[in-house]
Amino acid sequence: MTAPAGPLLRTLVPALRGLERGVGEWIASPTRRPLAPLVRANLEGLRDDLRRRAEDLDGDQPLLVVVFMGGTGVGKSTLLNALAGSAIAQASFTRPTTRDPVVYHHNSIKPERLDPALRRCRLVAHDREELREKVLVDTPDLDSNEEENRERLLAVLPTADVVLYVGSQEKYHDRLGWDLFKAQRQRRAFAFVLNKWDRCSRPVDGGLRPDEDLRRDLIDEGFAEPLIFRTAAQYWVDKSGPPPEGEQFPELVRWLEEGLTRLEIEALKARGVEQLMEQVIAGLEQAKPPDLAEPARATRPVWEKLLDTESEDLAESLVNTLDPQQREIEHHFRVTGQQRFQRLMAAYLGLITWLQFAGSRLRNPAGAITGSTGEPAEREWDVTGLTRGILADAGRRGLQSRLQTMTDRMLVSADGVGFPPDLLKPRLDDLAALDWPGQLRSAVGAALSSVESDWTNPKGGRKLMQSGLVFIANIVPEVVFVGAVLSLLWYWFMKEGYALTLGSALMPFVLTLAVLMVFHILIVLLLPLRWPAIRGQFLRRLTAEGRERIGAAYLPAPEAVAGELAAERKKVEGLIGQVSELMELLNARRQAARIDALYGR
């Protein structure tokens, strides 16, 4: 890819601000996978860096910030004074004197164009055209005993496009400075100054001169061709006598004034943005939700087996709470079944039921005998009250504990197929907070109604048998009664001397009662309405009802969470894609300028 023509940095500003908004919105938006505190803090810092970069590039004249960094007594301030040609920074041979960073900038640069961190420093303006686009910053000593001085350095360091690492024979490889350099070497451009060259031209351990030793160490740190200047800054401040042999202060000046041209400045800016983009990609990759589509699919069959077992156990526990209510349930089914019988058969069965349940707590046990119009009255059965009592009893037996145990088992099983339980737990907690007593009441009522419908309105051969029995039972007792009465009347009128006795007068009633009793026996044998028979069918129906309700709520949860994460992942990948496109442009511009020597690998 060739380097783009035109003011690349200006074109980056809208892109950087768009990325800043995108990252900020991502941080602020509620997500299924909460950001870890360190990840959030990193993204917030990157968002601020994007804003800072956009503000820095928003201008026709890009500024190059060169920050002087080094330990105590290496001569940073003296070096800046030599470059400025006047004592703009305090310098001392004996102790650190730089407390506030000094910003040396062209007088055409308004303070508001500087980064906020630089505006708080001591500003010194100049009129040197060769340094119009450069801002030189002298910082406190990085190994200062005063914590405040180190904090000032760390506050200014993020503004640097180039770090001029200043050392001396004693302090070009001290631990504090070297650790800070290694932490920044891939994020900032680095050039190196070995100051006080008049004192350190002698070889060190191993027979190498200090500059040679430093070069070797820098190559080890990934600098293929490190840029090192040997200077004696104090000589250029005093300007007395010839400069030390091998001294390169003029080369440093030429590099600052002429070597860092508009092309190099843009390339350095682009490289700085490129490095920021790499950090943004790394931060977004760290925050990107995982792809859980496959684990979500694998979770469903595992949960289905688990819910089959849990539904059976839950239904069994609920049916056990119905056992004390079996008398009322039998009564309800019996009364409901008797509504298919009419006249004599209905009256007989209603009387038997009333006698059987007389004295019980059942409400209006005779309510199904007849209504005020002579038609069978519908019995009002309080299913809601019954199921409420069932679940109240079930609650005492640990219904909520059972549901919580089920949720825990689901999380463990999901973890076993690769679905992180911490991502599922909030959704399952939301589901556990639903009105499950109400759901189970509905399931119990639906199961009871289904069983009642099967018993009172059967299908197939059972329906034919029951329909035939009901039809005959509704006709035969009345036919027997009418026939017995007619027979009695025939004897009374047709046979002379026939004497009507009490026994003969009661005979129609006795025969009818006998027939009713026979049909009663047949009803008991062919239409058993005992609790053990009802219980098994009710258990199966309740298991199916509970499984359907629990499954409808819980089974979609993994795929729903995976879908939410996929949507969040897509947003992050979109941001990463934008960053990658920018990096391609920036890489092309960087390759057009020779600045790679300023960066480590």
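Starting from the Cα of K269, draw a straight line to each of the lysines and keep only those under 22 Å, dropping any in the same chain fewer than 8 residues away.
Leaving aside lysines fewer than 8 places away in the same chain, those within reach of K269 are K110, K134, K182.
Positive end of the charge dipole of the range 63-247 (Lys, Arg +1 and Asp, Glu -1 on Cβ, about the Cα centre): tell me which of H126, F68, Q169 has its Cα farthest that way.
It is H126.
Straight-line reach only, C-alpha to C-alpha below 12 angstrom: list the aspartates and glutamates that K425 could link to, leaving out same-chain residues fewer than 8 apart.
The qualifying aspartates and glutamates are D408, D415.
Please list the radius of gyration and Dmax for the range 132-253, considering alpha-carbon atoms only, with Å as the unit.
Spelled out, the Cα radius of gyration and Dmax of the range 132-253 are 14.9, 43 Å.
Suppose R0 equals 22 Å; then what is the FRET efficiency for Q342 and V482 from their Cβ-Cβ distance, rounded to the nearest 0.05?
Computed FRET efficiency for Q342 and V482: 0.90.
When a footprinting reagent is the concern and you count Cβ atoms within 10 Å, what order do W436, W492 take, fewest first?
Starting with the residue having the fewest Cβ neighbours, the order is W492, W436.
Less than 16 Å apart at the alpha-carbon level, and either on another chain or at least 8 residues along: which lysines does that give for K76?
By straight Cα distance, K76 reaches K171, K196.
Of the beta bridges DSSP finds with both residues in the range 63-247, what % are antiparallel, to the nearest 5?
10
Out of residues 5 or more away from F190 or on other chains, whose amide H comes under 5 Å of its own, with H placed 1.01 Å from N in the peptide plane?
For F190, whose amide H was placed from the backbone, the distant partners under 5 Å are V163, Y599.
Once fully extended, how much extra length lies between R216 and R262, figured as 0.36 nm per residue of separation less the alpha-carbon to alpha-carbon distance?
Here the segment from R216 to R262 would lengthen by 13.5 nm.
Tabulate in residue order the Karplus-calculated ³J(HN,Hα) for the range 544-549, using 6.51 cos²θ - 1.76 cosθ + 1.60 with θ = phi - 60°, rounded to whole Hz; enter x for Gly and Pro.
5, 5, x, 4, 5, 6
How would you rank E478, E274, going from fewest to most other Cβ atoms within 10 Å of each one's own Cβ?
Going from sparsest to densest Cβ surroundings: E478, E274.
Values in this text are rule-based calculations from the coordinates and carry no lab data. All of these numbers come straight from a predicted model, not from anything done at the bench. Note: ideal-geometry Cβ built from the backbone for every residue, glycine included; neighbour counts use all protein chains shown.
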